Amino acid sequence: MSDNNDKTAAVITAFAVGAVVGTAIGILFAPKAGKETREDLGEWLNDNMAKGREKLQKMGEEIKHRKEQLAQALHGKESA
C-alpha cells in the first residue's frame, strides 16, 4: 500500500512541478514588456505562495489528527 501512495505522491509532485514550470515559461515568453511580465510573475508567485502555505497548514492539521487517531488506536490495543 505504501508503494501505491509513493507512486501517487510522485505523480502529483511531477504534475505540480510541470504546471509551475509551464506557467513560468508561458509568462516569460508572453508578448508584454519586461516590467509588466515581472509584475505579473510576482503577483502569481505571491498568490501561489499563499495557497501553498494554506495547503501546508491543512496538511499539518491532517497529519496531527491522524497521529492522534493512531495513538488512540494503539493505546486501545494496549488496554485490551
### Query
Out of all the residues in segment 6-28, which are hydroxyl-bearing (Ser, Thr, Tyr) and more than 18 Å from Arg38 (Cβ to Cβ)?
Thr8, Thr13
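Just to be sure, is Asp47 under 19 Å from the mean Cα position of the chain (by Cα) and not assigned by TED's automatic domain parsing to the domain that holds Thr23?
Considered against the rule, which asks whether it is under 19 Å from the mean Cα position of the chain (by Cα) and not assigned by TED's automatic domain parsing to the domain that holds Thr23, Asp47 comes out as yes.
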### Task
Report whether or not Gly42 is of a type outside the set (Phe, Trp, Tyr), closer than 30 Å to Gly22 by Cα and at pLDDT 90 or above.
no
### Task
Would you please list the contacts, defined by Cβ atoms under 6 Å and residues six or more apart or on different chains, that run from a residue in segment 4-24 that is in the same structural domain as Trp44 (by TED's automatic domain parsing) to a residue that is loosely packed, with under 10 Cβ neighbours inside 10 Å?
none
### Message
Condition first: small (Gly, Ala, Ser), at pLDDT 85 or above and over 18 Å from Asp47 (Cβ atoms). Now tell me which residues in segment 14-34 satisfy that.
### Response
Ala14, Gly18
### Task
Quick one: Lys35 ticks every box in (1) under 15 Å from the mean Cα position of the chain (by Cα); (2) exposed (fewer than 10 other Cβ atoms within 10 Å of the Cβ) except a single one, so which number is it?
(1)
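The values are calculated or read from the model by the stated rules, or taken from the named source; none is laboratory data. In this text the structure is predicted, and so the values were computed from the model without any measurement. Counting neighbours? That spans all protein chains shown, and the Cβs are built from the backbone with ideal geometry, glycine included.
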